[in-house]
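Written below as structure tokens is the structure these notes are about.
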Amino acid sequence: MSFNSFGHLFRFTTWGESHGPALGAVVDGCPPGLALAEEDIQPWLDKRRPGTSRFTTQRQEPDRVRILSGTFEGRTTGTPISLMIDNVDQRSKDYSEVAVAYRPGHADYAYDAKYGFRDYRGGGRSSARETAARVAAGAVARAVIPEVRIRAYLVEMGGDAIDPAAFDDAAIDANPFFCPDPGAAERWIDILDEARKAGSSLGAVVECVATGVPAGWGAPVYAKLDAELASACMSINAVKGVEIGDGFAAARLRGEGNADAMRPGADGRPLFLANHAGGIAGGIATGQPIVLRVALKPTSSILTPVETIDRTGNAAEIRTKGRHDPCVGIRAAPVVEAMMALVLADQKLMHRGQCG
């Protein structure tokens, strides 16, 4: 089987390919009676949309979403919500070399090994174009969790990290990198321009924080909140690592340094003095902000020649022409937000189903 669905009670399925006529998602399990229209979804797609600056692929896609089912008079009906986004700016001829040779670091060989053939036009289902459907589904999930605020931003690009002391929430939407540090955003212009002009690409780290998540969402063992978030984010194209809270840094702490100490707080709830756990303990939300970081590799489609093999096993060299993101991590920020929203909506409904 090829698994194209995610979630338990709030479940979505994505469909479509990078160079097909359209792509989209079907969201099932959404509660009825929630306000939902296309204009509620479009702003999130606009954040992910390609061609918005010279630092992203110049493929010009309006990414206009259409709701085909599941709503009536501006509200959800409780039936499957079908969302469709047309592809209007494909250039399949750019991938003629990819048809006969594999791009190292991409899914070309792995898809061929699994299926015996592949859609080489832009990578088919392995293309980051698929994430537009996730963002659309994530917008529906946000309607389920109005009490939660989700914010994602880049904290590192090409090995250059932000200064946490310079964090400015207002700056995130004021530059093309979703960067909360204006000084880092200025540096990244030169760093990314140099890589792009050299025909190469850069990796990045995206941090995502969800506030307003109440204590109790999650499960103790097989549907741990952190496990579901890690699974959701690892399913995003180009993601190679996920951290919750301090993540790998926790391994370098002592027990007392890693403990999220508590003191008496308001309404009988604890006042946490730290958040090393990233808002999750034992797979269940503690009521603190949920914090995760996602590491994305450099874009595999680059103009720099790379050694490879062709479909018959002969040695070859390939340079990928076409329009590609020099740093796929930039447009990943809205995708990570969407996956956070989808997981939290699912967990909210599961918690309500068991605990009322």
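The values are calculated or read from the model by the stated rules, or taken from the named source; none is laboratory data. All figures in this text were calculated on a predicted structure; none of them were measured in a lab. As a convention, Cβ positions derive from the backbone with ideal geometry for all residues, glycine included, and neighbour counts pool all protein chains shown. In case anyone asks, the SASA skips ligands and DNA or RNA and just uses the protein heavy atoms, side chains included. Shrake-Rupley method; radii C 1.70, N 1.55, O 1.52, S 1.80 Å.
Of all residues in segment 258-276, those satisfying the criterion of being under 31 Å from the mean Cα position of the chain (by Cα) and open to solvent by less than 40 Å² (accessible area, probe 1.4 Å) are ASP260, ALA274.
Considering only segment 103-112, I want to know if a residue exists there that is touching an Asp or Glu at 6+ places or on another chain (Cβ under 7 Å), open to solvent by less than 50 Å² (accessible area, probe 1.4 Å) and not in a loop (DSSP other than H, G, I, E, B). No; the residues of segment 103-112 include none that is touching an Asp or Glu at 6+ places or on another chain (Cβ under 7 Å), open to solvent by less than 50 Å² (accessible area, probe 1.4 Å) and not in a loop (DSSP other than H, G, I, E, B). Restricting attention to segment 17-28, does a residue exist that is among the acidic types (Asp, Glu) and within 18 Å of VAL343 (Cβ to Cβ)? Yes; the residues of segment 17-28 include at least one that is among the acidic types (Asp, Glu) and within 18 Å of VAL343 (Cβ to Cβ). Among the residues making up segment 197-226, a single one is open to solvent by 50 Å² or more (accessible area, probe 1.4 Å), modelled with pLDDT of 95 or more and either over 20 Å from GLY353 (Cβ atoms) or part of a helix (DSSP H, G or I) (or both): THR211. Taken across segment 202-209, residues that are under 23 Å from ARG142 (Cα atoms), touching a residue at least 60 places away in the same chain (Cβ under 8 Å), in contact with an Asp or Glu (Cβ under 8 Å, 6 or more places away or on another chain) and of a type outside the set (Asp, Glu) do occur, with at least one present. Report yes if PRO305 is modelled with pLDDT under 95 and buried (at least 16 other Cβ atoms within 10 Å of the Cβ), otherwise no. When the stated conditions are applied, PRO305 does not pass them.
Residues of segment 183-209 that are within 20 Å of the chain's Cα centre (by Cα) and closer than 16 Å to VAL155 by Cα: LEU202, GLY203, ALA204, VAL205, VAL206, GLU207, CYS208, VAL209. Taking the criterion of being over 30 Å from THR286 (Cβ atoms), open to solvent by less than 20 Å² (accessible area, probe 1.4 Å) and out of contact with any Lys or Arg (no Cβ under 9 Å at 6 or more places or on another chain), the only residue of segment 308-340 that qualifies is ILE330.
Within segment 150-179, if we keep just the residues that are in contact with an Asp or Glu (Cβ under 8 Å, 6 or more places away or on another chain) and of a type in the set (Gly, Ala, Ser), the residue that is nearest to ASP193 (Cα to Cα) turns out to be ALA171.
Is at least one residue of segment 341-353 under 20 Å from ASN237 (Cα atoms) and open to solvent by 20 Å² or more (accessible area, probe 1.4 Å)? No - not one qualifying residue is present in segment 341-353.
Among the strands (runs of 3 or more DSSP E) contained in segment 227-325, which hold 3 or more residues that are without any contact (Cβ under 8 Å) to a residue 60 or more places away in the chain? Ranges flagged: 239-244, 262-264, 270-272.
Does ALA238 meet the test of being at pLDDT below 95, of a type in the set (Gly, Ala, Ser), surrounded by 15 or more Cβ atoms within 10 Å (Cβ to Cβ) and within 22 Å of the chain's Cα centre (by Cα)? Criteria met by ALA238.
Scanning segment 1-31 for residues that are over 15 Å from ALA141 (Cβ atoms), open to solvent by 10 Å² or more (accessible area, probe 1.4 Å) and not hydroxyl-bearing (Ser, Thr, Tyr) yields a total of 9.
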